[in-house]
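Asks: This structure is in structure tokens; I'll ask about it shortly.
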Amino acid sequence: MQRRAMGHDVKRLPRSVRAQFTNKPGVVKKRPSRKYRRRPKNLLAEYTRRQRQHVWLETHIWHAKRFHMTEKWGHKIPWKPTLRGERASYRASTRHCLIQDISYEVCLELRGRQELLIEGLSHMTNRETGQTFAAISCLQGTREGQTVLYHYDSYPWDAIGPVSFMWKPSEPIREKYANEATSEPRAAGDGSRPANQRQLWIWCHPACFDEVWSEILKCFQLVERGSLDKTSVENTHVNAENNKTDESKKDQIVEASEVTGNVSSAIKDKFNTDIIAINDKSNVQLLSLHGSILKFRMTGPESVAVLKETLQPINVPQDSEKSTKWWASYYQDRTNMTNYKAQCDFLETLSQCTSPSELPPHSIVAMTTRDPRMTRPERRTKVVTSETNINSNQAMNRAPISVGMSTSPLWCEEVRQRVLAEKRTDHQIHDLKADQLVRGQPLDLGGEESAVPVIVIQRPGPTKSNTGCQQLSGFDLLLPKGWAMPFWLALVYRGARCGGLSERESQAFEGRQLLFPNAYPDTGAGKACMVEKEKGLVEKYNRIPPAKRPNYTKLNVPSPFRCPWELLLRDWCERSNKIVEVNMGNDMGKNNGDNTKHRCEMSDKNVEDKLANDMGKNDVDNSNRDVSAKIFVLRSLKTLCQLQALSDPEHGVLKRNKKGEVDLDKNALLEKTLVAELNQSLVPVVLMMIQKGSPQEFGHICIPSQLDITQLEKDRAYGGPLEPACEDSMEMERLEKKKELKAKGINVKVSVDRTMKVLGEKDSVLVNNCSRDVIGFTHVGGYSLGSGNGGAMGYVSTLGLRQLLLRGPVGRLGTVVLLRCPTSLQYRFAKMSIPN
């Protein structure tokens, strides 16, 4: 009846049956017109509704029109551009400038006495992994530090994730309870702070925010309070006279929040932005600055030129006392004015650099800049470094950064609020530009112009010998709330190319860097990311017809969609225990080589017994352990350096004894290096293909046999061995069952569950059932544009690495392993190195 008039007009139906068609449930109303939906009031209401589940970045609207968006970690994040230009993004990061909005990273602020902060945070870090919060190079606040956090006194187990931190710039504290000169701006009214008070910013990934927040509460015994208590607590450090704020100022702040479209009240609070945690006894405070401090990441050699053109310093007039702007009162102080002049001088020398890598690594430089909308060009241009200004003396650029150059009013909350309140709207800026006599000239409002405090952090990029690309250095730009779009457009109009999360992963792969949370299998966020990825890959695999998808049973791949680290360590522990039992039953009259092997395996057993005693377990039989047993990644820099020297003796640095001699006994060196480490550990490795081949994710890292090494030395073009294909015993049974059901008229879709949960229930599943011993897996792989060949990164077990290093390097190639993709039977040779 759809072709007739009765199918469209209810009145043409008989009256007896008209009622059942007129009262249809769920009748869709007519959608309002686009003109009505695009009205400003309705548009803001729609934006508010769409932000209830996921937090938007301030540049979300701009990205949503040009990028594929994804929902991750409670945020809407740009994934990759709609333009098909992966190589263009790589060229921008190595030749010009690539910018990314990483404002989804959360900033936590800690306040308290310096010794109390360092003592409390020491329970979450360890000096073996590198820098801690007590690093001397970072205490002055002139350099940014990086470390890995763990749960309370759980090192090396229960890792949380990597964080970066920066102290508020201040002179170093010589004595434990000495007074410290604070650099708080006068506009904040912070005249009488307690002695030895410091501020610390900790930048963490949103995937591990909950763990970091709860562990810091545990370390300092903090109690959470609401947003109303937050103001009262801050006022305890400030005089009553300075705490009185103007009613007009409050109205300005409220008006500015309405103008910028601040709808944070409608967003479900996932990051405790309205909660402050306090310890009344120690006076330590913790608060979340999520959304208050924005972060842009710039990569590429021309980041210097783009940043220099964008960050133009303000001109402080002589009669600044008449101005009501925040910077007028702030720069009345001679110390602040002296620091500002030093920052302007550094900005001038910045134009003489050809790359960000010429500056001191991780250096922090502050700057108060003009409104970028005033100086933004009318059309998009491409800014490059002028060859006439290049200074060949790089030693001048490497000069240490002083405390005054890193001092910024961005640390003050009241200054951040006034910066937002004094911001002019885009409509006002357009009106001012329209009234110009010469269109296109930069605006200059003098003392009435808005000024924005920013912080620039240098990133040195990868500098290790095992990386193929040495040009991934850049800057991190910190901005106050509400100023993301003006600075973003100013950078884009000067030729910077925009990237998303996909470009960030590509940069980490090119620089051979571990990206959180994908490459951290021993963290809670890494495991959750692995489970989510596995679920999506299994669903995609089951949607493909059986004839068009690989049969992983025939390929002898037990876990094609996830790296089974627990199974790998369990198999190697079982194998180690069997070798110990065999060696214990043999006679004592054996050659020296067997004694060495026995001693090496006995050391593994002793370490395991020690682990069991420490954890309060009596049963040390690894065969009875659950697949979900704990694992940890080896991050001790000293141990990784020794392992790197053993894997590549020509380029590595071995530890010398008191006589200056190097011990070349690999057994002795391995015992000294790995005796203190546990068997349930993973070691990060970097793989570079020797011949052809492009690795994939979840690939197998195997130990080559002596025959493979011999053939490779004879013929460098030798591709590698082949893995014998296995038989799928369940294939015929599934086909017969499907034929029976099809004969009955039932069409059943064939699905295969290959998740780790199923593998954990099967005791017979082994990782080391291939023709070559599997010692690890790759978590990322592909073709590297920087090195021009295939490469991968992954982890190997400690016991498997011990057996591999005992064989020694293969000539100039170093340590050689076999690499097999999960969809192929072909092994490929790759050179293995250990990053440190």
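Asks: For the range 406-420, list residues with backbone N below 18 Å from a point placed 7 Å from the Cα of Asp333 toward its Cβ?
Replies: Of the residues in the range 406-420, 406-419 have backbone N under 18 Å from the label point off Asp333.
Asks: Okay, next question. Note down the net charge around His151, summing +1 for each Lys or Arg and -1 for each Asp or Glu among other residues with Cβ under 13 Å from its Cβ.
Replies: Here the charged neighbours net out to -4.
Asks: Once you put a point 7 Å from the Cα of Thr381 and another 7 Å from the Cα of Glu128, both along the Cβ direction, what distance in nm separates them?
Replies: Inter-label distance under the simple model: 5.5 nm.
Asks: Apply 1/(1 + (r/R0)^6) to the Cβ-Cβ distance of Arg95 and Arg18, taking R0 = 60 Å, and write down the FRET efficiency to the nearest 0.05.
Replies: It comes out at approximately 0.25.
Asks: Further question on the same structure: Grab the range 33-121 and count how many Lys pairs have their alpha-carbon atoms under 22 Å apart, sequence gap of 8 or more, or different chains.
Replies: 5
Asks: Treat each spin label as a single point 7 Å out from the Cα along the C-beta direction, and report the Met485 to Glu224 distance in nm.
Replies: 3.3 nm
Asks: Roughly how many percent of the accessible protein surface of the range 508-564 is carbon and sulfur, given a 1.4 Å probe and a whole-percent answer? Write out the running numbers ahead of the final one.
Replies: Working: 1360 of 2390 Å².
That fraction is 57 percent.
Asks: Around Gly500, under 12 Å between beta carbons, what's the net of Lys plus Arg minus Asp minus Glu among the other residues?
Replies: +3
Asks: Could you report the accessible area of Thr94 in Å², rounded to 10, computed with a 1.4 Å probe on the protein chains as they sit in the structure?
Replies: 10 Å²
Asks: Quick check: net charge around Leu410, other residues with Cβ under 11 Å of its Cβ, Lys/Arg +1 and Asp/Glu -1?
Replies: That sum, taken over residues with Cβ under 11 Å, equals +2.
Asks: Quick one: of Lys295/Lys423; Lys533/Lys831; Lys382/Lys433; Lys295/Lys382; Lys554/Lys738, which pairs are farther than 26 Å apart, Cα to Cα?
Replies: From Lys295/Lys423; Lys533/Lys831; Lys382/Lys433; Lys295/Lys382; Lys554/Lys738, over 26 Å: Lys533/Lys831.
Asks: Can you send over the carbon and sulfur percentage of the accessible area for the range 24-128, probe radius 1.4 Å, protein chains only? Intermediate results must be reported in sequence, preceding the final value.
Replies: On the way: 3160 of 6400 Å².
Carbon-and-sulfur percentage of accessible area, whole number: 49.
Asks: Suppose the chain between Gln436 and Ser824 were pulled fully straight at 0.36 nm per residue; how much longer would it get relative to their current alpha carbon spacing?
Replies: 133.0 nm
Asks: Would you tell me the accessible area of His123, worked out with a 1.4 angstrom probe on the heavy atoms of the protein chains, in Å² to the nearest 10?
Replies: Near enough 60 Å² of accessible area.
Asks: Could you give the length gained by full extension between Asp280 and Leu785, i.e. 0.36 nm per residue of separation minus their alpha carbon distance, to one decimal place?
Replies: Going from the current span to full extension adds 176.3 nm.
Asks: Ok, one more. Counting only heavy atoms of the protein chains, get the accessible area per residue of the range 396-443 (1.4 Å probe) and round it to a whole Å² value.
Replies: Ligands and nucleic acids excluded, the result is 51 Å² per residue.
Asks: Roughly to the nearest percent, how much of the accessible area of the range 682-726 is carbon and sulfur, given a 1.4 Å probe?
Replies: 54 percent
The values are calculated or read from the model by the stated rules, or taken from the named source; none is laboratory data. What you see is a predicted model; the values in this text were computed from it and never measured. Note that each Cβ is placed from the backbone with ideal geometry, even for glycine, and that neighbours are counted across all protein chains shown. In case anyone asks, the SASA skips ligands and DNA or RNA and just uses the protein heavy atoms, side chains included. Shrake-Rupley method; radii C 1.70, N 1.55, O 1.52, S 1.80 Å.
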